[in-house]
Structure formats: structure tokens, C-alpha cells
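The values are calculated or read from the model by the stated rules, or taken from the named source; none is laboratory data. All values reported here derive from a predicted model rather than from experimental measurement. Here the Cβ positions follow ideal geometry from the backbone for every residue, glycine too, while neighbour counts run over all protein chains shown.
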């Protein structure tokens, strides 16, 4: 009896050992072998990670940058482990791209803009006593080479004069009287004719200006002076002042008020 029990236990152990050793072969799916064989292990190869330019749009157009990280393949442990692995795409990280700075076109300089901004003045026309007074007033301004003068001729005008004297001695006596009474501007007519030995005290463009000068001479007790019309050419003096600054311009405007018959013109200098 004991021998039968020992024999059964021995058979049971052998059966358990056999199940543990070869039992998986009895439970394996019969179709799995065909499926495994269909994979063609000899044709399987690992794929390298695709380049970022092939899967990610350019950051210059989208403003986004994509980071690709290939997944390392595990060590092969059999036919099933040889299945290919594809690269895994990580979530895209948005990177702001600075907008290009605006390009401003160069500022065009107008070719018609005036290059010469210097100011010049023309002041005239003067003769007689007004000419002397104007010359003295301009000398105070110390304009140096910026002051010039030139003569202009008029075909018609008026003059203030003392009628012709018969003798040269009378002319010299009359000149001495004029100097005593403060009249410093005069001219003795030398040409032969009806005006020889006449004493010119000034020429004017208008009769009104000549009459005003006669009135001033009356205040100096010059009684014999007259106003006459001249049809011959008369010479007048015009002053030209260059490179004016604002201070000199103001002074010239003030001087012009003392010579109401004169005209002051300020404009850009002509080269």
C-alpha cells in the first residue's frame, strides 16, 4: 500500500514538472506563428528621426519652433521586439518673433529751396543835404566793406537852387553865408549858359520833396533859394548794404523814418 502511494506522488511530481516545462506549448495560439512569420523580420529596419524641416513649418512664417526628439529603440529580444518605432512629436513651443523695424525712406531735400539766406538792403535815392546826412548816419553803424553806394540818373526831377550870380566874387560871398547858416551841401554850376554860377542846393524826384527842403532852408534864413524843374539828367545816390543782421535791419528802419522821401528795400542778396 505504501508503495502505491509513493508511486502516485512520484507520477504527480513528474506531471507537474512536465506541465511547468512544456505546458506553454499546449496553450499557445496556433495562428500566432503565422502572424509572426508574416512580419518578415529580414525586411524590417529602424527609421532615423525625420529632419525638423520636413515636419515643422518654417519659424520665419509661423513664428513657431518645433522640437523633435527620437525615441530610442529597446534592445531586441526576439522577432516581436524588432517592430519599427517612429519618432514622437513633442508639443510645439511658441516663440514670438520680433517684427522687423520699419524702414523710413530718406528725407528728400527740395532742390528749389533757396540756398542764399543773406539779406541785403537798398536805400535811396539821395542828393544834396539829405545825402550828407545819410552818409553821416551810416558811418555811425560802422558797416565797413558791407556798405557801397552808386549813382543813378533820372531824366526828370526838381532842384533847389540859388539863381545865377553875375560875378565869381558874389558866388564866393554867397557860399560863405551858406556855411555860416549851416548849409554844407551845395554845388556851383560851371557850364556856360544861362545856369552858369547858379548854386545848386539839392535835386529831388518830386516837387513835394523839393518844397519841404525849401521850407527847411527858410528856418536857416536862406531866403533866395527857389524850386525849379529839371529836364536834363539828374544824378542821385543809392546805398547798398550787404549781409544784414536783425540788429542792423532795425537800425536802418529807424533811419529811414528820418528821411521820409527815401525808400528802403530789404531782400535776399543777389549773387
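Test each condition in (1) farther than 15 Å from residue 129 by Cα; (2) loosely packed, with under 11 Cβ neighbours inside 10 Å; (3) at pLDDT below 90 for residue 260 and report the one that comes out false.
(1)
What is the residue count in region 191-247 for residues that are on the phi > 0 side of the Ramachandran plot, in contact (Cβ under 8 Å) with a residue 24 or more places away in the chain and either in the same structural domain as residue 177 (by TED's automatic domain parsing) or in contact with a strand residue (DSSP E or B) (Cβ under 7 Å, 6 or more places away or on another chain) (or both)?
3
Return the residues of region 140-166 that are free of Cβ contacts under 8 Å to residues at least 12 places away in the same chain and out of contact with any strand residue (DSSP E or B) (no Cβ under 9 Å at 6 or more places or on another chain); say none if nothing qualifies.
Within region 140-166, 140, 142, 144 meet the criteria.
Check off (1) in contact with a helix residue (DSSP H, G or I) (Cβ under 6 Å, 6 or more places away or on another chain); (2) closer than 30 Å to residue 240 by Cα; (3) assigned to a loop (DSSP other than H, G, I, E, B) for residue 165 and give me the number that stays unchecked.
Evaluating residue 165 over (1) in contact with a helix residue (DSSP H, G or I) (Cβ under 6 Å, 6 or more places away or on another chain); (2) closer than 30 Å to residue 240 by Cα; (3) assigned to a loop (DSSP other than H, G, I, E, B) leaves (2) as the failure.
Residue by residue, here is whether (1) in the same structural domain as residue 270 (by TED's automatic domain parsing); (2) more than 46 Å from the chain's Cα centre (by Cα); (3) part of a helix (DSSP H, G or I); (4) surrounded by fewer than 16 Cβ atoms within 10 Å (Cβ to Cβ) holds:
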{"residue": "130", "(1), (2), (3), (4)": "yes, yes, yes, no"}
{"residue": "160", "(1), (2), (3), (4)": "no, yes, no, no"}
{"residue": "177", "(1), (2), (3), (4)": "no, yes, yes, yes"}
{"residue": "183", "(1), (2), (3), (4)": "no, yes, no, no"}
